[in-house]
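Asks: Before I ask anything, let me first share the structure, which is written out below as C-alpha cells.
Values in this text are rule-based calculations from the coordinates and carry no lab data. What you see is a predicted model; the values in this text were computed from it and never measured. Glycine also receives a Cβ, built like all others from the backbone with ideal geometry; neighbour counts cover every protein chain displayed.
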Ligand code: CP
Ligand code: NVA
C-alpha cells in the first residue's frame, strides 16, 4: 500500500475502542443537533459538495441504502446507487478494474457484497475509502447504530466513554455477519456478549479468533460466552438481540434452518425463563421475520428496533464524516 492509501471501514475490527466510541458519540451529536434544529449545520452541509459516493449493492437493502443516501445528501454530496443489474460488480469485469475505475471518479465507495473478499478486494485497489455496507462476515454501519441505540440513554453525560462497561448482551439465533461485528464491538467496549446458537450453527473458529483479537485491544474487554441453550445465554442480560435465521444468499437452506432453529424464537416467556434482567430491551437489525421473534416482543414496549433503524442514518453520517471527509481521522 502507498503512503496515500485511504483508510477503509470493512469491519468494527478496523477500529480501536476509542475510535468506535467516538463514532458512536459523533452519531449521537449529529442526531441531537439535526433533530433539535431541524437542519444540518452549515459546517457539514457542503462537506461533500460536488462529490459523488458510489453505492454498489449486489443484494437488496432498505435501511443501509436509505441511510447512506440520506447521509450523503445531508453532507451535500451525490449518492449514486448502483444495483447489481446496473454495473459490472464482479460480473463481466474484475473487481480490480471496477475498483480502479469507480475510485477514479468518486469520493468513496459504499459496497454491499456476498463474500467478504469482494469488499476487501475493492478496498485493496481503491484510491478512495471503501465502506462495507454488509458482507457475509461483517456489518459495521449496523453496529455503530446498535451501540448508539444501547448507549443513547447515557450519552448526554460528559464522560468520554459510552458508559456500557459491564452490560450483557444475549444473542439468540444464527451466528452471522451482524453477530460477528456486534461481538467485536462489544468486547472492545467492555460489554459481555453471550451467544446461543443451535448445534452446527456456532461461531466458526477463525471468527472466534478475530473476536479474541478484538478483546486483546483493551485491558477492560468484554467477554464472549457461547452455548446452544438460549436460556443460558439470556441469564442476566440487559439486551436480547437476534437477526434472521436465513441471511441473504442462504435461501436454499431455508427449510433446514427453520427446523434447526426450533426453540430459538425470542418471546417474553423465553426471556422470563432464561432470567433476563427485569428491564431488558429487544434489538434486531431488521428485516425481521416472525419465526425469530414473536410479535408481542417485536412490537412490545421493550423493543427498540425502530429507533435502532433510525439510528442507521446518524451512524452513516458519522462514518462518512470520519472516513470520507476526515480521511479516516476519527476525532
Ligand atoms: N439492517 C440492514 O442492513 O437492513 P437492510 O438490509 O434493509 O439494509
Ligand atoms: N444477516 C442478514 C442481515 C441483513 C441486514 C443478512 O446478511 O441477510
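Asks: Taking the simple approach of a point 7 Å from Cα along Cα-to-Cβ for both residue 4 and residue 199, what is their distance in nm?
Replies: Going by the 7 Å Cα→Cβ label model, 5.7 nm.
Asks: How would the range 37-176 be classified by its alpha-carbon gyration tensor: rounded, prolate or oblate, with rounded meaning a/c under 1.5 and the a/b versus b/c comparison settling the rest?
Replies: Since a/c reaches 1.5 but b/c is at least a/b, the shape of the range 37-176 is classed as oblate.
Asks: For a quick protection proxy, order the peptides 106-114, 25-33 by their average other-Cβ count within 10 Å, most packed first.
Replies: 106-114, 25-33
Asks: With a cut-off of 8 Å between alpha carbons and a minimum separation of six or more residues, what is the relative contact order of the range 142-309 in percent?
Replies: Value for the range 142-309: 24 percent.
Asks: For the chain, what class follows from the C-alpha gyration tensor (a ≥ b ≥ c being the square roots of its eigenvalues): rounded when a/c is under 1.5, otherwise prolate if a/b is larger than b/c, else oblate?
Replies: prolate
Asks: Follow-up. Using per-residue counts of other Cβ atoms within 10 Å, averaged over each peptide, order 314-325, 225-236, 50-61 from highest down.
Replies: Averaged packing, sorted descending, gives the order 314-325, 50-61, 225-236.
Asks: Give me the number: length gained by fully extending residue 290 to residue 262, i.e. 0.36 nm times residue separation minus the C-alpha to C-alpha distance, one decimal in nm.
Replies: 8.8 nm
Asks: Kirkwood hydrodynamic radius (Cα pairs, Å) of the range 197-284?
Replies: Evaluated on the range 197-284, it is 14.8 Å.
Asks: Then there's this: Residue 251 to residue 117: extension gain in nm, 0.36 nm per residue of separation minus the Cα-Cα distance?
Replies: Value of the extension gain: 46.2 nm.
Asks: Could you please state, rounded to a whole Å, how far the C-alpha centre of the range 196-247 is from the C-alpha centre of the range 266-331?
Replies: Here the answer is 16 Å between Cα centres.
Asks: Oh, and also: How far is it, in nm, from the label point at residue 88 to the one at residue 36 when both lie 7 Å from their Cα along the line to the Cβ?
Replies: 5.1
Asks: Which angle between 0 and 90 degrees, to the nearest 10, do you get for helix 63-74 versus the longest principal axis of the chain when only C-alpha atoms count?
Replies: Rounded to the nearest ten degrees, it is 40.
Asks: Hey, rough spin-label estimate for residue 124 and residue 273, points 7 angstrom out along Cα→Cβ, what's it come to in nanometres?
Replies: That separation, rounded to one decimal, is 4.7 nm.
Asks: Measure nothing but the geometry: give the 0 to 90° angle between the long axis through the Cα atoms of 95-105 and the longest principal axis through the Cα atoms of the chain, rounded to 10°.
Replies: It is inclined by approximately 60 degrees.
Asks: Relative contact order for the chain: what percent, with Cα pairs under 8 Å and sequence separation of 6 or more?
Replies: That works out to 21 percent.
Asks: What shape does the range 231-326 have by the C-alpha gyration tensor, where a ≥ b ≥ c are the square roots of the eigenvalues, rounded means a/c under 1.5, and otherwise prolate means a/b greater than b/c and oblate the rest?
Replies: Oblate.
Asks: Report, to two decimal places, the Cα Rg of the range 142-309 normalised by 2.2 N^0.38 Å (N = number of residues).
Replies: Against the compact-globule rule of thumb, the ratio is 0.98.
Asks: Residue separation times 0.36 nm, minus the C-alpha to C-alpha distance between residue 217 and residue 329: what's the value?
Replies: Taking 0.36 nm per residue and subtracting the Cα distance, the gain is 38.5 nm.
Asks: Over the range 104-154, what is the relative contact order in whole percent, taking alpha-carbon pairs under 8 Å and six or more residues apart?
Replies: 34
Asks: Hey, what number do you get for the chain at 222 nm if only DSSP H runs of n ≥ 4 count, each worth -39500 (n - 2.57), divided across all residues, to the nearest 500?
Replies: When only DSSP H runs of four or more count, the value is -12000 deg cm²/dmol.
Asks: Here is a further query. Helix 140-151 against the longest principal axis of the chain: what's the angle in degrees, Cα atoms only, rounded to the nearest 10?
Replies: 50
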